[in-house]
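The numbers here are math on the coordinates, done by the rules we state, and not lab data. Everything quoted here is computed from the prediction, not taken from an experiment. Quick reminder, even Gly has a Cβ in these numbers, built from the backbone with ideal geometry, and neighbours come from all protein chains shown.
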Amino acid sequence: MPMKAVVCGCGAMAKGWLRALAETPALKGAVEIVGLVDLDLSAAEVLAKEFSLGNAITGSDLNVVLEATRPEIVFDIVVPSARHHVVSAALGFGCHVLSEKPMAASLEEAEDLIALARRAGRIHAIVQNRRFISGVRRMRRVVETGALGELTGIHCDFFIGPHFGGFREQMDNVLLLDMAIHTFDAARFVSGKTPLAVYCHESNPPASWYRHGAAANAIFEFSDNVVFTYRGSWCAEGARTSWESAWRVIGTKGTLLWDGADKLDAHVVSGETGFLREVSEIEVPEPSREADTHGHASVIQAFLNAIRTGVAPETDGSDNIKSLAMVFGAIQSARRRERVTISA
């Protein structure tokens, strides 16, 4: 039987969730959307019509729709400032929750949601869909095999100039809070290391169309003396990188480069003499599970499997708070202009 779900937040991002459910063979029939909620009732009604969800109840009050539909799942796609309220209500009603990122608007709220989910005996997971793509999974496999030797550093560049309009252009710390978390989370996943501290410089470049924080440069200290650096801007016109960033993963034996799209190259030292030692290309293996490479659809599938099996999903809140702590550590460092210790 399909699991009954309510979608809370019916803006543009909700369409990606509903498309993943409708277009992914492994998800077809797995979920029945029984309710759509948005403060703007017309947005819920338009979304129901667009995706032919005529039997779903629409409303502007989550509690009312939950009471009317009795779902097992809530898909939380609201703005970050509303996340704690929505997730708390859903968990209190006995629902499992899959949230858009970031997990919460503060670490305190994130910790509270973890405690609420634990007490309710329900899963609260986060859509970190960027770690569920082939390139990220392949980098992880190379690191795990030890082909590069001991990991020493990961360095990522993100330069793009999207003109969203809407709430993003009015946010504080827009790059760090709304986008950089994808790269931060992926770096933590690829490295398998724990973030310990960060120094970050944040700015809003001249001619930025964002109100605050469209660019940032951060240096993270990971466990085992691994360094992760991030250079990013959301108002960099021309010479765009991929949305997934451009990566350089360095080990004691060699380096892997990923352009954030389809090109992965890895080279290790093969010569024993010379000023610059000779290197040889090595094969970058495919992901161990093809099912983990479909972005949003893979996250949803993992979430549903976790509900069925009782095993915490990869992006469970208890793990994802570590990526959120990287974000808030970077924001705090930028404000204080000093190194900040990360604890989560």
Point to revise | Computed magnitude of the charge dipole of the range 3-122 (debye, nearest 20; Cβ of K, R +1, Cβ of D, E -1) | key: 380 debye
Check your understanding: Taking only Cα atoms, what is the 0 to 90° angle, nearest 10, from helix 107-120's long axis to the longest principal axis of the chain?
Key -> 60 degrees
Study note, to complete from the structure: Taking Cα atoms, the helix 296-309 axis meets the longest principal axis of the chain at an angle in degrees (rounded to 10) of 70 degrees
Check your understanding: To two decimal places, what compactness ratio does the range 212-344 give when its Cα radius of gyration is scaled by 2.2 N^0.38 Å?
Key -> 1.34
**Study point:** Whole-number D in µm²/s for the chain (Stokes-Einstein; Kirkwood sum over Cα pairs; 25 °C, 0.890 mPa s)
**Key:** 116 µm²/s
Study note, to complete from the structure: Taking Cα pairs closer than 8 Å and at least 6 residues apart, the relative contact order of the chain in percent is 19 percent
Check your understanding: Simple spin-label model, 7 Å along Cα-to-Cβ: Asn305 to Arg211 in nm?
Key -> 4.1 nm
Exercise for review: Provide, as a two-decimal number, the C-alpha radius of gyration of the range 23-68 over 2.2 N^0.38 Å, N being how many residues it has.
Suggested key: 1.21
Study note, to complete from the structure: For the range 118-229, the Cα gyration tensor yields equivalent-ellipsoid semi-axes (√(5λ), largest first, whole Å) of 27, 20, 14
Exercise for review: For a footprinting-style exposure proxy, rank Tyr210, Tyr230 by other Cβ within 10 Å, fewest first.
Suggested key: Tyr210, Tyr230
Practice item. Just subtract the alpha-carbon distance of Ala26 and Glu281 from 0.36 nm times their residue separation and send over the number in nm, one decimal. Key: 88.2 nm
Exercise for review: Please figure out what share of the DSSP beta bridges in the chain is antiparallel and state it in percent, rounded to the nearest 5.
Suggested key: 60 percent
Check your understanding: For all pairs of alpha-carbon atoms in the range 282-344, what percent lies in each bin of width 5 Å, listed from the first bin to the last filled one?
Key -> 3, 16, 15, 15, 13, 13, 12, 10, 3, 0
Exercise for review: Using packing as a proxy for protection, rank 131-139, 163-171, 331-339 so that the peptide with the highest average count of other Cβ atoms within 10 Å comes first.
Suggested key: 131-139, 331-339, 163-171
Review point. Can you give the three extents of the C-alpha atoms in the range 3-122 along their principal axes, from longest to shortest, in whole Å?
Key: 38, 30, 25
Review point. Per Stokes-Einstein, at 4 °C and 1.567 mPa s, what whole-number D in µm² s⁻¹ belongs to the range 206-290, with the Kirkwood radius over Cα pairs as the hydrodynamic radius?
Key: 81 µm²/s
Check your understanding: What's the lysine pair count for the chain at a Cα cut-off below 14 Å, pairs eight or more apart or interchain?
Key -> 4
Review point. On a 0 to 90 degree scale, rounded to 10, what angle separates helix 317-336 from the longest Cα axis of the chain?
Key: 70 degrees
**Study point:** Estimated dipole of the chain in Debye, rounded to 20 [Cβ of Lys and Arg +1, of Asp and Glu -1, Cα centre]
**Key:** 240 debye
